[in-house]
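Please read the structure below before turning to the comments.
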Amino acid sequence: MRHRMRGRKLGRNASHRKAMFRNMAVSLIKTVRIDEEAENAPKVSGRITTTVQKAKELRPFIEKLITVAKKAQPHIENAAQYATSAEKNSSEWKTWRESEQWNQWNQALAPALSYRRRAFAELRDNEAVDILFNELAERFAERNGGYTRIVRLATVRLGDAGTQAIIEFVGERDRVKPTRRSETLGSAATEEAPADEEATAEETAETESEAVADEAPATEAEASEGETAEAEEDKKEE
């Protein structure tokens with residue numbers, strides 16, 4: 001019985017599973033930096049292809065590492081105010097090394113160094129740890145969990161017909177949620193309503209201007225008729 005035993009065995013013992021997930025996590029993290037000139041460089045960054053079962057077991061392993069890297073960021077930012085830009089082993093750097101400012105920098109950076117050592121104990125790869133703390137932690141600084149996604153593939157693996165899947169970091173190639181037809185129709189109606197109001201206002205303005213133009217000649221004609229009538233009366237009186 002498998003009571004209180006989490007995870008899949010995947011046909012491997014404990015040490016083999018640990019080594020496998022370590023290698024898969026390192027491969028996934030290293031794909032964030034693509035060297036196009038390197039041999040067998042990945043075509044897409046932040047993505048690897050594996051089986052569905054392995055992807056589901058790798059997902060919590062890699063997301064916990066990203067959470068550890070995110071916890072170190074506040075300590076790194078706090079220590080930056082005590083750091084120096086002088087070149088190592090220079091006279092200015094030696095002066096900073098012997099000052100109280102170095103002690104403050106060391107104490108502020110100590111928790112971040114502890115998190116970095118924890119990540120290195122899991123990955124055993126300096127480049128992967130560097131990418132994890134310098135790039136992935138900054139990318140997901142405003143995101144609370146859910147740093148990866150699993151997408152099933154239609155093609156099966158040759159040999160054993162295993163179901164394949166892609167595991168990749170979110171934030172790139174994200175799908176846009178389709179809007180409902182009712183929402184689009186409602187927004188279109190609200191956009192058309194002001195346009196209709198403007199059209200009606202223009203039409204009323206044109207009709208008023210035409211009415212004024214029609215009235216003006218009429219008044220001029222009446223005035224001319226009035227003048228001719230007065231002239232005829234004056235002639236009769238004479």
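All of the numbers you see were taken from the coordinates with simple rules; none came from a lab. Bear in mind the structure is a predicted one, so any value in this text is a computation, not a measurement. Here the Cβ is made from the backbone with ideal geometry for all residues, glycine too, and neighbour counts use every protein chain on show.
Some observations on this one:
- Count Lys and Arg as plus one, Asp and Glu as minus one, and take only other residues whose Cβ is under 12 Å from that of Arg139; the net charge is then -2.
- Each principal axis of the Cα cloud of the stretch 1-143 was taken in turn, and the coordinate range along them, longest first, works out to 62, 44, 29 Å.
- Placing dummy labels 7 Å off each Cα toward the beta-carbon, the span from Glu142 to Glu87 is 3.9 nm.
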